[in-house]
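In what follows, a single structure is set out as structure tokens and then discussed.
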Amino acid sequence: MTRSRLPTYFISHGGGPWPYMTGEFRDNLAQLEQSLLDMRAEVGSAPKAVLIVSGHWEERGFAISSGEKPGMVYDYSGLPDYLYHIKYGAPGSPELARRVRDLLRTGGIEARLDPIRGFDHGTFSIMKPLYPDEDMPLVQLSLDANFDPAQHLLVGRALAPLRDEGVLIVGSGLSYHNLRALWGTSGYEPSRQFDAWLQQTLVRSSPDERNERLLAWEQAPFARAAHPREDHLIPLMVVVGAAGDEAGATTYHQTDFAGGITASSFRFGNPPVTARQIPG
């Protein structure tokens, strides 16, 4: 017997191209890196491809990367020159891109294929630790720039069948994303309180309550202090929508990110289990 349905994940993806960096900044992300290694171990060989919803790709409507050999998007600034020449060489999957488009259309959501879009750092920063051999087929799904929580939950529901088809659905953002406050102390308490609200919402609430709270996320403590612009929160809506009524769990929790910021990642649903792992 095998339970093959894959969980969904929301990953706080750190900052910039951190897996390719050295020094203090990289060292501060050791907990995040370990959580990604743990994630790789718990999904094992079950995934056949990965679909990432990145907080670094916005469109009018939805777009899906469909190229066979995607390039790179260096969407950061002020870093050493070598970080603008790094490559993450995973293959794309035109077949999966079309499947994503068809599922969305069946759910009443229009989406277009984008054969040009490359990997942004919301994607390759987490894929490098997850699949360092760069051999896992990878497709990206954009956000709709309207950032409507209900619409993105609906997108997740439409994509839920992928979980039974060997596709790992990952939302890549940050549980706290206020760049102006990130490097001072003013973000410490807002990030802690917003994270406490996320923990209550995602881990300790019923599925129905979870959805209701996410739809009203702006009512959370320090919501707009944590997300002045919600581009890094909205990927969470997609993975929760795809999770259906399955429970959430915290997979990464750090209280000293960038000095004293609280950041977390979450899994929805259980890791796949092979026959040898099932008791009895």
Exercise for the section: Enumerate the whole-percent occupancy of each 10 Å bin, from 0 to the last occupied one, for all C-alpha pair distances of the stretch 130-280. Expected result: 11, 38, 34, 15, 3, 0
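Calculate the dipole size of the chain relative to its Cα centre from +1 charges on Lys and Arg beta carbons and -1 charges on Asp and Glu beta carbons; express the result in debye to the nearest 20.
On the way: 26 positive and 33 negative charges, 89 e Å.
My answer is approximately 420 debye.
Check each of the trypsin sites (Lys or Arg not before Pro) in the stretch 13-53 and keep only those in coil by DSSP with at most 15 other C-beta atoms within 10 angstrom; list them in order. Intermediate results must be reported in sequence, preceding the final value.
Details: sites: ARG26, ARG40, LYS48; in loops: LYS48.
Sites meeting the loop and neighbour criteria: LYS48.
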Completion exercise
So for R0 = 35 Å, FRET eff. of ASP256-ASP164 from the Cβ-Cβ r, to 0.05, ends up at 0.35
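Viscosity 1.567 mPa s, temperature 4 °C: what is the translational diffusion coefficient of the chain from Stokes-Einstein with a Kirkwood Rh over Cα pairs, rounded to a whole number of µm²/s?
Details: Rh = 18.7 Å.
Rounded, D is 69 µm²/s.
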Completion exercise
For the stretch 122-215, the dipole about the Cα centre with charges only on Cβ (Lys and Arg +1, Asp and Glu -1), to the nearest 20 debye, works out at 340
Handout entry: Listed residue (ILE109, SER264, GLY55) projecting farthest to the positive dipole end of the chain, Cβ model
Key = ILE109
Fill in the blank from the handout: Placing +1 on each Lys and Arg Cβ and -1 on each Asp and Glu Cβ in the chain, then taking the dipole about the Cα centre, the residue among LEU143, ALA223, ALA97 whose Cα reaches farthest towards the positive end is ALA97
Exercise for the section: Quick one: pull the percentage of alpha-carbon pairs in the stretch 69-190 with a separation above 20 Å. Expected result: 54
Problem - Low-density loop cleavage sites - GluC sites (Glu not before Pro) in the stretch 1-95, where at most 12 other Cβ are within 10 Å (DSSP) - result: GLU68
Fill in the blank from the handout: Carbon/sulfur accessible area of the stretch 207-248, % of total, 1.4 Å probe, equals 48
Practice task
Using amide H atoms built 1.01 Å from N in the peptide plane, name the residues 5+ places from PHE119, or on other chains, whose amide H lies under 5 Å from its own.
Solution key: GLY71, MET72, VAL73
Completion exercise
Looks like the stretch 1-90, by Cα gyration tensor root eigenvalues a ≥ b ≥ c and the a/c under 1.5 rounded cutoff (else prolate when a/b is bigger than b/c, oblate otherwise), is oblate
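The values are calculated or read from the model by the stated rules, or taken from the named source; none is laboratory data. Quick caveat: nothing in here was measured; it's all calculated off a predicted structure. Note that each Cβ is placed from the backbone with ideal geometry, even for glycine, and that neighbours are counted across all protein chains shown. Remember, those area values only see protein heavy atoms, side chains included, never the ligands or the DNA or RNA. Shrake-Rupley method; radii C 1.70, N 1.55, O 1.52, S 1.80 Å.
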